[in-house]
Amino acid sequence: MPDISGFTSFINEVEVEHSTHIISELLEIILESNSLGLKVSEIEGDAILFYNPGEAPSIKDLINQAEEMFMAFHHHLKFYKTNRICQCGACSTAHNLSLKFIAHHGPLAVKLIKSHEKLFGPDVTLAHRLLKNNVNGKEYVLFTEHLLNASGNIGEHKMFENGQFKQGSADYEGIGKVNYFYFSLDSRGLRINDLNKHRKRYTCFNKSSL
């Protein structure tokens, strides 16, 4: 579940037409970066609930997927900051948005409501609860212990060997203690050398479009 941090204040405190357009573009970019072919259950305003029936993907594939979405997200924001025309609050502060990822593994039920697949089950609830956790930082990838155990031997991955993964836990009412591992993401060092591939997604605003 990729989740856009800063969404609430961004939508509520700046120009609604431009802020909603920018968020829609960012969600589309995340969807287009879904190289694992994950299924979409819901688009929840500031987050997308993906799911993958069957066995959990490998740790390597999960990390690569998160990093691909993260890079595309921030390349677009950097392009926005560099090339925007409109000086409204939404367009001038979009670069402050950030992205985090929550990933969990567990049983779920899929119900078809008309043509829409809806996920049910306590593990779906847990994934949403994990958006509020004890991680210090706005941009990170968080994997629950259940997911990592299902994905293979976590100690064999190089990110565990060099200490990039940190361990944490949180207590949730009705659920109890949940153990997780996480590593921080940092967009400050991203280069803008391949922004051209995102140029088609960028829309220049002017005041007349408000």
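FYI, it's all coordinate maths here, none of it is from the lab. No experiment lies behind these values; they were computed from the predicted model shown. Cβ coordinates were reconstructed from backbone atoms using ideal geometry, including for glycine residues, and neighbour counts include every protein chain displayed.
Summary table below
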quantity: Relative packing of peptides 66-74, 97-105, 39-47 - highest average C-beta neighbours within 10 Å first; calculated: 97-105, 66-74, 39-47
quantity: Table column - 3J(HN,Hα) (Hz), the range 113-130, Karplus curve with 6.51, -1.76, 1.60, x for Gly and Pro; calculated: 10, 6, 9, 10, 8, 10, 8, 9, x, x, 6, 5, 4, 4, 4, 6, 5, 5
quantity: Neighbour-count ranking [beta-carbon atoms within 10 angstrom, fewest first] of His75, His116; calculated: His116, His75
quantity: Amide hydrogen neighbours beyond the local backbone of Ser5, cut-off 5 Å, H modeled; calculated: Ser98, Leu99, Lys100
quantity: Exposure proxy ranking, count of Cβ atoms within 10 Å, fewest first, for Tyr172, Tyr182; calculated: Tyr172, Tyr182
quantity: Over 24 Å between alpha carbons, listed pairs Lys111/Lys166; Lys81/Lys138; Lys39/Lys177; Lys39/Lys111; Lys39/Lys100; Lys132/Lys166; calculated: Lys111/Lys166; Lys39/Lys177
